[in-house]
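Just below is one structure, and these are the notes that go with it.
Nothing in this text is a laboratory measurement; each read-out follows from the coordinates by a stated rule. Please read these numbers as outputs of a predicted model, since none were measured by experiment. All Cβ positions, glycine included, derive from the backbone under ideal geometry; neighbour counts span all protein chains shown.
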Amino acid sequence: MDTLSGSAIPGGYGIRPPLVFCIDDPCMLARAIARELGIGLAEREYRRFEDGEHKMRPLESVRDRDLYLIAPMHGNGCESVNDRIMRLLFFIRCLRDADAGRVTVVAPYLAYARKDRRTKLRDPLSLRYLATLLEASGMDRILSLDVHNSSGFDNAFRCPTVHLGAGHLLADALLPFLDRERPPVVLSPDIGGVKRAEAFRSTLSGKLSAEAGLGFMEKYRSEDVLSGGTLVGDVDGRTVVIVDDLIAGGGTISRAVETCHDQGAARILACVTHRVPGKATPKLPFPKLEKLFVTSTIPWPDDTGESERIEVVPVEPLLAAAIATLSKSGTLNALVQT
Ligand code: R5P
C-alpha cells in the first residue's frame, strides 16, 4: 500500500462494525477517523461536575463488540493530561463492566512516554505505571503513533502494542520543498533520536531517488536546562531537515536551528510528529526555520499567525486504516512503517 488514504480502508465490516468512541469532548480527530472509516462515532453520555468529577457511559450496548477508544492525552487550557487519563481509565472499566468484547485504546500521542527509563536515582518509570493502570482497568490492546521510544513502549505494556510511524506521511509532505539534485541532510537534534532520523533519512532518500545525508546533535537536559551543542555531520551549504518525535517548549529545535544556521546551512526545515502544548504554542520561536511539518495528532491553534510556516499533515487516514485492519484481524505490515 503506497498511500494511506481513506480509499486504502478495506470495506465490509459485516453486521458488526467496530464501535469507535471519542474520549475527548469535542474531538475533531475522532470525528475525522470515524468519517474515514465510514461509520459514525458511538454515542456516549459525558458529564462534568462542578467539583471536577466526571462520568461517561456508552449509550448503546457494547456486549461482545470490538471497541476503539480515541484518546487524546495532551493537556490543554481546560483539561490536564491527568484529567484525561482518569476519564479514560474509568471509561475502560465501565465498558468492561458492560461486557465489552475487546477494548483497544488509540492514543495518537501517548502521554508520559518520555519517562520510560530512570535517568536519576529513584526516578519513576511513569510510562510503565500508566501501562499498569490501563491494563488493570481492562484495556486489551494499545495503538499509538511515533512514541518517544518504541522499545520503551513495547516493554512497558504486557498487552499487545501497535506502533505506527508518521515518517512516510511527513516525507510525502516535505518532498515538494526539496531538490533531488541537492539532497538534504536529515538531522536528529539529540542522540536519542538518531535511529528515528536514520529511518526517516532512508524513507526520504527512497522517495527522492537521491541519497540524503545524516547528522545529529549533542543534547543534555537537566531541570529543563539544555546544554551540549556539538553537531556531528556536515550541514554547510546544505538543506537541513530536523526530525523529532515532538516539540514542546521548543528549546530542542530552537538550538538545532541556531547551530545549523551558525554552521552554514542554506535552508532549515523540520518534521515533527507531535506538537505538545508548551512555550512554543503561541509562536515559533525560531525565525531561521523555513517551515515546520507537524502531524494532526494534537491540534495547533490557528491564531498564531504562523500558518504559512506550519504545514499540518493529517494522520486520520492512517489511524482509520489501522482500526479497519485490526477490526478484521488483518495484518498491519503495510501500515507499521516509519
Ligand atoms: C526528547 O528527547 C524529545 O525527543 C524531544 O526532543 C523533546 O521532548 C522536545 O522538547 P522541547 O521542545 O521542550 O525541547
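For the reader, a short list of remarks on this structure follows.
- Note, ³J(HN,Hα) from phi for segment 106-118, Karplus 6.51, -1.76, 1.60, rounded to Hz, x at Gly and Pro: 10, 10, x, 10, 9, 5, 6, 5, 6, 9, 9, 7, 8
- Summing charges over all other residues whose Cβ lies under 14 Å from the Cβ of Arg128, with Lys and Arg as +1 and Asp and Glu as -1, gives +1.
- Segment 167-314, relative contact order in percent, only Cα pairs under 8 angstrom and at least six apart counted: 20
- Helix-derived mean residue ellipticity, 222 nm - over the chain, DSSP H n ≥ 4, -39500 (n - 2.57), to 500: -8500 deg cm²/dmol
- Lys, Arg +1 and Asp, Glu -1 on Cβ, resulting dipole of the chain about Cα centre, debye, nearest 20: 700
- DSSP bridge pairs, the chain: antiparallel proportion in percent, nearest 5: 20
- Segment 43-195 - percent relative contact order, Cα under 8 Å, separation 6 or more: 17
- Using a 4.7 Å Cβ-Cβ cutoff, the cysteines of the chain lacking any partner cysteine are Cys78, Cys94, Cys159, Cys260, Cys271.
- The chain: DSSP helices with Cα axial extent of at least 18 Å and average Kyte-Doolittle hydropathy no lower than 0.0: 81-97
- GluC sites (Glu not before Pro) within segment 48-119: DSSP coil, no more than 11 neighbouring Cβ in 10 Å: Glu50, Glu53, Glu60
- Checking every one of the chymotrypsin sites (Phe, Trp or Tyr not before Pro) in segment 41-86 against DSSP loop status and a limit of 10 other Cβ atoms within 10 Å picks out Phe49.
- Counting only residues at least eight positions apart within a chain, or on another chain, the lysines with an alpha carbon under 25 Å from that of Lys288 are Lys219, Lys279.
- Within segment 146-230, none of the chymotrypsin sites (Phe, Trp or Tyr not before Pro) combine a DSSP coil assignment with at most 10 other C-beta atoms in a 10 angstrom radius.
- Spatial separation of Cα centroids for segment 31-59 and segment 83-140, in angstrom: 18
- With neighbours defined as other Cβ atoms within 10 Å of a residue's Cβ, the residues Cys159, Cys271, Cys22 order from fewest to most as Cys159, Cys22, Cys271.
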